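Read through the structure below, which is laid out as structure tokens, and then see the notes.
The values are calculated or read from the model by the stated rules, or taken from the named source; none is laboratory data. Keep in mind it's a predicted model, so treat the numbers as computed, not measured. Note: ideal-geometry Cβ built from the backbone for every residue, glycine included; neighbour counts use all protein chains shown. Note: areas computed on protein heavy atoms with side chains; ligands, DNA, RNA excluded. Shrake-Rupley method; radii C 1.70, N 1.55, O 1.52, S 1.80 Å.
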Amino acid sequence: MRPSFWRYFPAWFVYAFLWLIAQLSYRALRALGGFLGWLMGSVFHIRKRVIDRNIETCFPQLSAQQQQQLIKTNYQETGYMVSQTLYAFFHRSDRLFNQLSITGSQHLQECLDNDQGVLLISGHFTALDIGGRALCQRFPVAGVYRPHKNPVMEYVVTQARTAYAEQMFSRDRLKSIVKYLKKGGVVWYAPDQDYRRGHSVFSPFFGVPANTITATHQLARLSGARVLFYSVKRIDEAPYYQLHISSPLSSFPSQDAHADTDRINHHIEDMVKQAPEQYLWLHKRFKTRPDGEQDFYAQADVRNKP
């Protein structure tokens, strides 16, 4: 249901403003994203403690100078994420998306030809929504998302995504997702955040135990769907994005939910290593700790503090 215009007038005004911005050219939006990234890192220091802690822990092999450069670049890519998401949600032209090719797309097509459901696993990368719209230009794909508390945001984001996606499932609609997969549907899913709901285990992510939901194992077990991985990487030259779909995971799911979750995290980690600056490091991936461990972010060493 569409929220009341007058009751939520400020939110609707912001949405209209963002829609207008999204009609700018890709180059203009990229420049805007770069400026936003500079503001986040140099002026507002958004979640600097979290980003610093994540990167220094996940990339201990880098020198302090290299880590700081990665942090700086990650802020820039996070700014790009904002403008890229606006472009994916609201830009009227399909030109950019139509010119993108997806390597490995034959793996997904083969599953569709055989009426096999597919769980297409990705991670929270800064070009996530660009990759989603590009994927949906070629294949009938549904998505899984976390509902927004603000009703206008929930309405706008859902409407934007369903303009190109087959369907959007809130992440708690397990039965509906299983039913969709059993019918041979494709569900795009990113299980790499520290969710509080759902069954989870501590699974290694860059060598650190990370609270990870076992939903990929459960969905594949209940539906018989194949599990493939979808990666999206932004590049500076046209066509500006590299998209890749892997072959299906073999012997998945097994009888061991924990072992399967470890495999999923391992593959997502491999995707992150291909473009570490484009991962959502501002997320508190290691917020939930095993019993007895201290707060992962409370003791973060924030170097070069302004």
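Of the set (1) crowded, with 16+ Cβ neighbours inside 10 Å; (2) within 15 Å of the chain's Cα centre (by Cα); (3) closer than 30 Å to Arg49 by Cβ, all apply to Asp270 but (1).
Asp236 satisfies every condition listed in (1) touching a strand residue (DSSP E or B) at 6+ places or on another chain (Cβ under 6 Å); (2) open to solvent by 60 Å² or more (accessible area, probe 1.4 Å); (3) assigned to a loop (DSSP other than H, G, I, E, B) except (1).
Among the residues of region 34-51, those that are closer than 25 Å to Lys287 by Cα and open to solvent by 80 Å² or more (accessible area, probe 1.4 Å) comprise Phe44, Arg47, Arg49. Filtered by the rule that a residue be open to solvent by less than 50 Å² (accessible area, probe 1.4 Å), part of a helix (DSSP H, G or I) and either acidic (Asp, Glu) or over 14 Å from Leu86 (Cβ atoms) (or both), region 1-33 gives Ala11, Trp12. The single condition among (1) free of Cβ contacts under 8 Å to residues at least 60 places away in the same chain; (2) assigned to a helix (DSSP H, G or I); (3) of a type in the set (A, V, I, L, M) that Val157 does not satisfy is (1).
Scanning region 65-116 for residues that are open to solvent by 20 Å² or more (accessible area, probe 1.4 Å), of a type in the set (Val, Ile, Thr) and assigned to a helix (DSSP H, G or I) gives Thr73, Val82, Thr85.
Of the residues making up region 147-163, just one is over 13 Å from Ala11 (Cα atoms), open to solvent by less than 50 Å² (accessible area, probe 1.4 Å) and hydrophobic (A, V, I, L, M, F, W, C), namely Ala160.
Yes/no matrix, rows are residues, columns are (1) under 16 Å from the mean Cα position of the chain (by Cα); (2) within 24 Å of Trp19 (Cβ to Cβ):
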residue: Arg53; (1), (2): no, no
residue: Pro60; (1), (2): no, no
residue: Gln84; (1), (2): yes, yes
residue: Phe90; (1), (2): no, yes
residue: Arg95; (1), (2): no, yes
residue: Gln99; (1), (2): no, yes
residue: Leu112; (1), (2): no, no
residue: Ala127; (1), (2): yes, yes
residue: Arg133; (1), (2): yes, yes
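Counting only residues that are open to solvent by less than 60 Å² (accessible area, probe 1.4 Å) and part of a loop (DSSP other than H, G, I, E, B), region 181-197 holds 8 of them.
Scanning region 137-146 for residues that are free of Cβ contacts under 8 Å to residues at least 40 places away in the same chain and either surrounded by 20 or more Cβ atoms within 10 Å (Cβ to Cβ) or outside any loop (DSSP other than H, G, I, E, B) (or both) yields a single hit, Tyr145.
One line per residue, one yes/no per condition, for (1) surrounded by 13 or more Cβ atoms within 10 Å (Cβ to Cβ); (2) among the hydroxyl-bearing types (Ser, Thr, Tyr); (3) out of contact with any His (no Cβ under 9 Å at 6 or more places or on another chain):
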position	(1), (2), (3)
Gln242	yes, no, yes
Phe252	yes, no, no
Ala257	yes, no, no
Asn265	yes, no, yes
Tyr279	yes, yes, no
Arg289	yes, no, yes
Tyr297	yes, yes, yes
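Within the option set Asn114, Asn98, being modelled with pLDDT under 95 and not hydrophobic (A, V, I, L, M, F, W, C) holds for one residue only, Asn98.
The set of residues in region 198-228 being part of a strand (DSSP E or B) and either open to solvent by less than 10 Å² (accessible area, probe 1.4 Å) or under 25 Å from Gln61 (Cα atoms) (or both) consists of Phe202, Ser203, Pro204, Phe205, Val208, Pro209, Ala210, Asn211, Thr212, Val227, Leu228. Inspect region 123-132 for any residue being in a helix (DSSP H, G or I) and open to solvent by 20 Å² or more (accessible area, probe 1.4 Å) and give the result as yes or no. Taking every residue of region 123-132 in turn, at least one turns out to be in a helix (DSSP H, G or I) and open to solvent by 20 Å² or more (accessible area, probe 1.4 Å).
Within region 164-180, if we keep just the residues that are part of a loop (DSSP other than H, G, I, E, B) and not basic (Lys, Arg), the residue that is least open to solvent (accessible area, probe 1.4 Å) turns out to be Ala165.
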